[in-house]
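Taking it in order: structure first as structure tokens, then the write-up.
Please treat every number below as a calculation from the coordinates, not as lab data. This one's a predicted model, so the numbers in the text were calculated from it and none came from an experiment. Every residue, glycine as well, gets a Cβ built from its backbone with ideal geometry; the counts of neighbours run over all protein chains shown.
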Amino acid sequence: MGVISSLGDSPASLHSALCNGQASAYEFHEPKLDGFRGRGSGRIIAFQAETYLKGRNLRPLDRTGQLVVAAAKLALEDSRWPPERLAQHPAGLVLGTMFGSVHTIAQFDRRSLEQGPACASPMDFANTVINAAAGQTAIWHNLRGINSTIASGSASGLAALGYASDLIRYSVQTAVLAGGVDEFCFESFYGFERAGMLHACDVPEPFPVPFQAGRTGFAVGEAAGLLMLEEWTSAEARGARILGEMRGHGSTYSPGEGQEHAVRSIARAMTEALKDASMSPRDVSCISASANGSVRADSDEALAIKSLLNGGGPEVPVTAIKSMIGETLGASGALQAIDLVETLRNGTLPGIRGLEQKDPALPELNFCRKQSPIHGNSGLINSISLDGVACSLLISAPPALA
Amino acid sequence: MSIRPGVVVTGIGMVTSIGAGRREFWNALMAGTCGFGPVQSFDTSQFGVHLGAEIHGFKPEEYVQKLDPHSIGRSSQLAIAAARLALTDGSLDLAEIDPDRAGVCAGTTSGEPHYIERFDDRYVLDELKMVGREFITRYPCHVVPGHTAMELGLSGETMMIPTACAAGNYAIAHASDLLRAGKADIMLAGGADSFSRITYTGFARLGAIAPEVCQPFDRNRKGMVPGEGAAMLLLELKEHAVARGARIYCEVAGYGLSCDAHHMTAAHPQGEGAARAIRMALEQSGFAPEDVDYISAHGTGTSTNDRLETIAVKKTFGQHAYKVPISSIKSMLGHTMGAASAIEAAVCALTITEGRIPPTANWKDQDPECDLDYVPNVARKHNVRIAMNNAYAFGGNNSSVIFAECAA
Amino acid sequence: MEIEAIRARVKECIQKVTGIEAATISDSAAYESDLGLDSLSVLEIAVSVEEQFKFHATDEELALTRTVDATVELVTRRICVEVA
């Protein structure tokens with residue numbers, strides 16, 4: 001697995017920071033929004049592509065491309081796929097993203113508007129397609145297997161993991177890097193802000209708290225996360241270290257207005273994931289919620305989880321890592337998956353940072369307020385877009401060695 | 001090879017610069033009608049080229065009935081129109097299906113570009129306060145299948161695969177996998193793109209736009225012509241189609257997807273990735289190159305693509321490359337971006353049922369490096385049992401989808 | 001502007017686009033065969049040079065500009081004309 005995030009550039013450091021309840025300190029500096037505080041949103045302060053990508057020209061890559069190429073490098077190293085192996089065995093890449101780089105698209109367009117179309121940058125044009133980062137990463141790392149880009153809003157990363165898992169299950173793909181990315185940029189941030197979706201400036205909490213009473217919205221961050229998914233027997237045959245198993249996934253859409261549709265859709269995504277995995281709610285040891293501080297969406301998800309677990313035995317602990325990592329859009333599902341793998345390995349579930357007063361309108365769930373031990377070996381991840389897509393994915397720890 | 005459940009095409013719908021709906025479109029295609037003209041949707045006076053393949057006279061309110069057509073972008077409108085046409089063509093009454101097991105999988109290059117273009121217009125005029133809520137709810141590209149699902153009341157998996165100019169093939173491939181895995185009963189799969197200033201600027205900057213005409217594979221070809229459009233295929237498992245008495249066009253026999261990992265905007269010089277995608281598609285569908293009766297080419301009309309695509313076909317088909325006709329409908333529709341391979345897939349289905357193949361229009365002089373049978377200028381009667389649809393995209397994304405006559 | 005100054009700025013543009021150190025670029029280097037650049041990079045260099053020197057090259061001029069020397073010559077010709 002490989003990750004570039006505000007809380008660390010390794011799965012272990014990310015998980016450790018989450019367990020310690022550390023909030024992201026994104027950097028917000030947008031000259032066009034002088035005076036606006038951005039409340040929790042921003043870009044990763046310390047990310048320097050050169051740290052990870054030495055010795056080659058970085059000009060062809062935009063920030064989104066840099067994030068993915070760097071995360072891919074870390075994932076390939078972590079999963080022991082050196083260049084020699086990639087030359088012999090084509091590995092694929094499936095990347096989830098909500099925007100590609102809307103900043104690159106906009107900058108390309110604005111330069112043409114301001115200076116004339118003859119001044120447009122050909123290299124920037126190559127990065128205006130939403131599948132650009134996936135293409136750049138394939139070039140950089142010689143990934144010649146399937147190369148696909150999935151856009152399902154903020155559920156893109158989890159949708160990509162489901163898509164890639166099915167490619168391995170049902171077709172001839174044996175190794176696919178899968179995950180997601182979205183960079184922080186003015187254009188998308190401003191869009192969310194104009195839609196009134198962001199964490200307000202005039203409330204006590206500096207960073208949004210999912211499920212909290214009085215929550216007002218989310219904070220936009222950025223990240224890239226990739227997991228190397230392999231067909232089990234070929235992974236074993238090459239002596240790979242197996243960190244977890246993708247057991248099943250489900251994806252639904254909510255076509256109607258109103259909370260009832262949304263709750264039903266999320267509950268169905270979870271049920272479909274369990275059915276796909278041939279598992280029942282009782283087999284789930286923890287839930288990594290998609291909740292990010294949004295007024296409606298957090299509520300929809302809580303109601304859906306309640307309906308799924310209702311009468312299903314001891315309440316399953318629920319966490320929401322966006323309480324610390326913020327809303328990383330296309331990367332979010334991948335980050336949740338990486339953290340869940342670490343959670344299942346070391347038995348500690350991160351808590352929901354800052355959750356002191358659960359919204360009374362929400363059902364009683366076992367909200368995990370601080371890091372807690374978990375028992376059992378399977379977790380469920382939800383990733384829900386702002387506009388109707390609900391994805392769920394089940395991951396199990398690998399069977400213990402005899 | 002294990003027996004896989006058959007996935008069939010039972011309805012097709014498209015909106016293009018030469019016609020909307022199966023009949024009108026196919027007749028125009030067979031007549032070699034071209035949809036080119038001077039660009040009207042924005043000012044091209046500062047460009048060195050002015051040719052486009054825009055759709056004129058499209059009335060979204062004819063197709064968008066549940067949603068307010070003005071509350072969604074043009075790509076969504078086109079996608080919905082194509083979807084409704086496909087459902088009617090496939091005689092599928094949505095009231096008779098389980099909406100939880102029906103989804104939409106679409107491809108695109110730009111999504112809804114007009115919203116970011118308007119954002120940028122405001123940015124340069126220092127009027128950003130005019131940007132409203134609609135930017136974030138109508139711009140991100142996944143709204144195209146989302147709006148389609150919303151319009152039709154579908155609640156199964158809805159996904160956007162924005163793999164640019166190969167996207168339609170990717171969408172059809174994924175939808176067929178979902179059906180085979182038993183995760184849906186019906187899927188609408190295809191692609192949509194609307195005419196974009198950004199796309200036009202980029203291709204003009206690369207010197208890739210033809211000044212007067214699109215003439216794929218011709219010795220004097222000067223480039224592609226950006227266009228717009230949408231197509232949707234109604235896909236279902238064969239047993240489902242048979243059970244409801246649906247008319248079956250053909251089977252989605254298999255697909256191949258690969259990546260050049262070579263260059264962002266130019267294909268691999270030996271057509272390596274494209275050849276791998278072709279081979280993978282043949283292997284997955286259990287056919288040999290000699291079985292293929294027709295190839296729908298990517299055939300953009302640029303010097304490089306047409307030459308490298310020819311190399312890839314020769315590499316995989318050997319001597320049979322000279323026997324199988326291969327034509328490019330981009331010679332008539334221009335390059336409809338994310339819709340292209342979806343429209344071309346629909347054409348493949350029609351070649352099988354109609355027994356005719358479309359021409360490569362505007363072909364005059366043979367290029368010695370492009371010496372295959374490109375069906376120059378005139379549509380022809382041809383018995384097609386197996387058709388291959390090839391599409392290639394920025395980022396080195398290669399795709400091939402094979403359609404086969406449905407065995408009884 | 002003196003030709004040496006033009007040459008230095010052209011090489012800076014090449015460095016900005018490709019990462020190749022300006023000091024290592026020979027005056028007669030051919031973009032594709034000597035510097036190993038692809039067509040996108042060559043075009044990007046052209047755009048960068050146009051921006052730097054504030055002129056627009058025609059497509060025909062760009063097609064003939066395949067070496068550092070040729071770029072310097074194009075710039076010299078065009079900016080002198082614009083000044084005149």
Please list 3J(HN,Hα) in residue order for region A:318-335, calculated via the Karplus relation 6.51 cos²θ - 1.76 cosθ + 1.60 where θ = phi - 60°; whole Hz, with x for glycine and proline. 10, 10, 9, 6, 5, 5, 10, 8, x, 9, 9, 6, x, 7, 4, x, 5, 5
Histogram of C-alpha separations across chain A, 10 Å bin width, %: 5, 25, 35, 24, 9, 2, 0
What's the FRET efficiency of C:GLU2 with B:THR304 using the Cβ-Cβ distance as r and R₀ = 25 Å, to the nearest 0.05? 0.05
Obtain the nm distance between the two label points defined at B:THR33 and B:GLN270 by a simple spin-label model: each point lies 7 Å from its Cα along the Cα-to-C-beta direction. 4.5 nm
As an exercise, use a Förster radius of 35 Å and the Cβ-Cβ distance of A:CYS119 and B:GLU61 to find the FRET efficiency, rounded to the nearest 0.05. 0.35
Considering only B:ALA175, B:PRO99, B:ALA345, whose Cα is most displaced toward the positive end of the charge dipole of chain B, charges sitting on Cβ of Lys, Arg (+1) and Asp, Glu (-1)? B:ALA345
Hey, could you pull the Cα Rg and Dmax for region A:322-372, both in Å? 12.4, 34
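Using R₀ = 41 Å, calculate the FRET efficiency as 1/(1 + (r/R₀)^6) where r is the Cβ-Cβ separation of B:GLU290 and B:ARG23; round to 0.05.
0.80
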Once you have all Cα-Cα distances for region B:160-259, histogram them in 5 Å bins from zero and send the whole-percent values. 2, 11, 16, 17, 15, 13, 10, 8, 6, 3, 0
Of B:ASP218, B:ASP126, B:ASP193, the one that fluctuates the most in a GNM where chain B has Cα springs shorter than 10 Å: B:ASP126
Under the Karplus curve 6.51 cos²θ - 1.76 cosθ + 1.60, θ = phi - 60°, whole-Hz ³J(HN,Hα) for region A:269-283, x wherever Gly or Pro sits: 4, 5, 5, 5, 4, 5, 5, 4, 8, 6, 10, 10, x, 5, 7
As a check on your grasp of the helix formula, calculate [θ] at 222 nm for chain C: sum -39500 (n - 2.57) over DSSP H runs of n ≥ 4, divide by the residue count, round to the nearest 500. -20000 deg cm²/dmol
Could you state the number of Å between the C-alpha centres of region A:134-175 and region A:346-362? 32 Å
As a check on your grasp of the helix formula, calculate [θ] at 222 nm for chain A: sum -39500 (n - 2.57) over DSSP H runs of n ≥ 4, divide by the residue count, round to the nearest 500. -11000 deg cm²/dmol
I want the local charge near A:GLU50. Using Cβ-Cβ distances under 14 Å, sum +1 for each Lys or Arg and -1 for each Asp or Glu among the other residues. +4
Which Cα, out of A:SER154, B:PRO140, B:PRO113, lies furthest along the positive dipole direction of the protein assembly as shown (beta carbon charges, K/R +1, D/E -1)? A:SER154
What percent of all Cα-Cα pairs in region A:245-396 falls in each 5 Å bin, counting up from 0? 2, 10, 22, 25, 23, 14, 4, 1, 0
What is the antiparallel percent of DSSP beta bridges lying wholly in region B:7-243, to the nearest 5? 60 percent
Rounded to the angstrom and largest first, Cα extents along the principal axes for chain B equal 62, 52, 39
In the Gaussian network model of chain B, springs joining C-alpha atoms below 10 Å, which of B:SER196, B:SER110, B:SER155 carries the largest mean-square fluctuation? B:SER155
As a check on your grasp of the helix formula, calculate [θ] at 222 nm for chain B: sum -39500 (n - 2.57) over DSSP H runs of n ≥ 4, divide by the residue count, round to the nearest 500. -9500 deg cm²/dmol
Dividing the alpha-carbon radius of gyration of region B:211-331 by 2.2 N^0.38 Å, where N counts its residues, gives 1.23
So what's the protein assembly as shown giving for Rg/Rh, alpha carbon basis, Kirkwood Rh from the mean inverse pair distance? 0.96
Would you mind listing how long region A:157-291 runs along its three principal axes, going by Cα atoms, in whole Å with the largest first? 56, 33, 28
What are the principal axis extents of the Cα atoms in region A:241-295, in Å, biggest first? 44, 25, 20
Once you've got the GNM for chain A with C-alpha springs shorter than 10 Å, pick whichever of A:GLN371, A:GLN136, A:GLN357 has the biggest mean-square fluctuation. A:GLN357
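If you restrict to DSSP beta bridges whose two residues both lie in the protein assembly as shown, what percentage is antiparallel, to the nearest 5?
Of all bridge pairs located within the protein assembly as shown, approximately 65 percent are antiparallel.
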With B:LYS323 itself left out, Lys, Arg at +1 and Asp, Glu at -1 over residues whose Cβ is under 9 Å from its Cβ give -2
Considering amide H positions built from the backbone, and no H for Pro or chain starts, which residues 5 or more places from A:ASP182, or on another chain, come under 5 Å of its amide H? A:ALA223, A:GLY330, A:ALA331
On a full-extension model of 0.36 nm per residue, what is the gain between B:HIS70 and B:GLU127, subtracting their alpha-carbon distance, rounded to one decimal in nm? 18.3 nm
Compute the distance in nm between two label points, each set 7 Å from the Cα along the Cα-to-Cβ direction, one at B:ARG219 and one at C:ASP69. 3.4 nm
In debye to the nearest 20, the charge dipole size for region A:245-396, taken about the Cα centre with +1 at each Lys and Arg Cβ and -1 at each Asp and Glu Cβ, equals 300 debye
For labels at A:CYS201 and A:LYS32 in the simple 7 Å Cα→Cβ model, what's the distance in nm? 1.7 nm
Treating only the Cβ atoms of Lys and Arg (+1) and Asp and Glu (-1) as charged, compute the dipole magnitude of the protein assembly as shown about its Cα centre; round to the nearest 20 debye. 1140 debye
In whole angstrom, how far apart do the alpha carbon centroids of region B:332-408 and region A:56-116 sit? 32 Å
Please work out the Kirkwood hydrodynamic radius for region B:336-408, using every pair of different C-alpha atoms, and report it in angstroms with one decimal place. 13.8 Å
Built amide H within the under 5 Å cut-off of A:PHE211, gap 5+: A:GLY293
Looking at region B:151-236, which GluC sites (Glu not before Pro) are in a loop (DSSP not H, G, I, E or B) and have at most 16 other Cβ atoms within 10 Å? B:GLU212
Counting only complete DSSP H runs, which helices of chain B cover 18 Å or more along their long axis at the Cα atoms and score a mean Kyte-Doolittle of 1.0 or above? B:340-354
Quick one, can you get me the convex hull of the C-alpha atoms of region A:317-402 expressed as volume per residue in Å³? 108 Å³
Given all pairs of different Cα atoms, what value in angstroms does the Kirkwood hydrodynamic radius of region B:7-243 take? 18.6 Å
Under 10 Å from the Cβ of B:GLY256, count the other residues' Cβ atoms, weight Lys and Arg +1, Asp and Glu -1, and hand me the total. +1
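Do me a favour and compute the ellipsoid semi-axes for region A:2-237 from its Cα gyration tensor, root of five times each eigenvalue, largest one first, whole Å.
With the √(5λ) rule applied to region A:2-237, the semi-axes are 31, 24, 16 Å.
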Equivalent ellipsoid, region C:3-83 (semi-axes from 5 times Cα gyration tensor eigenvalues, Å): 18, 14, 11
Residue by residue through region A:212-220, the couplings from Karplus 6.51 cos²θ - 1.76 cosθ + 1.60 with θ = phi - 60°, in Hz, x for Gly and Pro, are 6, 5, x, 5, 10, x, 10, 10, 8
What percent antiparallel are the DSSP beta bridges of chain A, to the nearest 5? 60 percent
For region A:15-30 and region B:64-107, distance of Cα centres in Å: 42 Å
